[in-house]
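The values are calculated or read from the model by the stated rules, or taken from the named source; none is laboratory data. Since we're looking at a predicted model, the values are computed, not measured. Cβ placement follows ideal geometry from the backbone for every residue including glycine, while neighbour counts extend to all protein chains displayed.
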Ligand code: GLU
């Protein structure tokens, strides 16, 4: 099946089963789901478990249960199948190896003898890791006698960003954040893609989003720093760049991002405490300004209605690489709301 052949917009939610889902993850799923449903789009669920030492299958199963309890449903996913499966990344490893080989064959990557630990760390999504980090110093950039292949299964391949020149500058219109410009040479430099059987998050997510025909990436603000690198990968693969929308994160009373370590806010704990899903949805919607704190119960479909009402606001058409990318909810209607206690 040709992704996107139907013309239907395609969204996904992609949890990593290393910890239980917390209320912030629940809100992200509801927003992604409602954004999809508000435009009649398809919604896929993909389990991102390439970090096989930290991922646990029982947490993936629990995530599906928690999301259903919250009122989120999906058209495609590990439990329901679909035309673009499998929907579990650990079952897609050969695809990432093929993607890496394709980039290698086209001379877009080089082998880097950095430690295994660097590849390991890059298997997880880099939530808010950008900023203050120096770009890759280019230690392993190819020289005449430099490394052509990985020694003893160590290190990984890097995308040769520096050689892209000005093409390493990414400009896009994020549907929540507005215009974004990033020169990846300055922010990251040549970034890691992993090695055979050990892809990084960046390689796996773009390989899958292209293969699954994803047209809309709606996810938390903490992943915004990955977008420019991912756009470079879309271009390298010749894939259509999706619309990006990075929504505000739910924060705690101190204004800090919620952490999965904060067990009290796990969806499973709220379920055990007999909280009604409608009450949680009401609080989540209020926390991001969809309705007032006086709303006691909300249905999942109330998110669809509320998102329809708030966007898209006026202003210029959002674009990605100069192409229209409109139809999302605009940033102005949202704010970082403290999680109400
Ligand atoms: N799997 C990532 C996470 O756990 C999300 C990836 C994405 O949405 O691009 O946050």
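May I ask you to verify whether residue 81 is modelled with pLDDT of 95 or more and on the phi > 0 side of the Ramachandran plot? When the stated conditions are applied, residue 81 passes them.
Among the residues of the stretch 209-227, the ones that are buried (at least 23 other Cβ atoms within 10 Å of the Cβ) and assigned to a helix (DSSP H, G or I) come to 2 in all.
Which residue is surrounded by the fewest Cβ atoms within 10 Å (Cβ to Cβ), if the candidates are limited to the stretch 1-20 and must be more than 10 Å from the ligand (Cβ to nearest atom) and under 28 Å from residue 270 (Cβ atoms)? Step through it out loud before you land on a result.
Of all residues in the stretch 1-20, those more than 10 Å from the ligand (Cβ to nearest atom) come to 1-11, 20.
If we keep only those that are under 28 Å from residue 270 (Cβ atoms) as well, we get 11, 20.
Numbers: 11: 25, 20: 17.
Here the answer is 20.
For the stretch 186-208, the count of residues that are in a helix (DSSP H, G or I), in contact with a strand residue (DSSP E or B) (Cβ under 8 Å, 6 or more places away or on another chain), within 19 Å of residue 227 (Cβ to Cβ) and more than 16 Å from the ligand (Cβ to nearest atom) is zero.
Which residues, taken from the stretch 35-56, are assigned to a helix (DSSP H, G or I) and in contact with a strand residue (DSSP E or B) (Cβ under 9 Å, 6 or more places away or on another chain)?
Narrowing the stretch 35-56 to residues assigned to a helix (DSSP H, G or I): 35-38.
The answer is 35, 36, 37.
The residues of the stretch 231-248 that are within 11 Å of the ligand (Cβ to nearest atom) and assigned to a loop (DSSP other than H, G, I, E, B) amount to a single one, 242.
Kindly evaluate residue 24 against the criterion of being within 15 Å of the ligand (Cβ to nearest atom) and either free of Cβ contacts under 8 Å to residues at least 60 places away in the same chain or out of contact with any strand residue (DSSP E or B) (no Cβ under 6 Å at 6 or more places or on another chain) (or both). When the stated conditions are applied, residue 24 passes them. Just one residue in the set 228, 224 is more than 10 Å from the ligand (Cβ to nearest atom), within 12 Å of the chain's Cα centre (by Cα), farther than 18 Å from residue 45 by Cβ and touching a residue at least 40 places away in the same chain (Cβ under 8 Å); that residue is 224.
Against the criterion of being surrounded by 12 or more Cβ atoms within 10 Å (Cβ to Cβ) and either assigned to a loop (DSSP other than H, G, I, E, B) or modelled with pLDDT under 85 (or both), residue 107 does not qualify. Residue 279 fulfils the conditions (1) modelled with pLDDT of 90 or more; (2) touching a strand residue (DSSP E or B) at 6+ places or on another chain (Cβ under 8 Å) except for a single criterion, (2).
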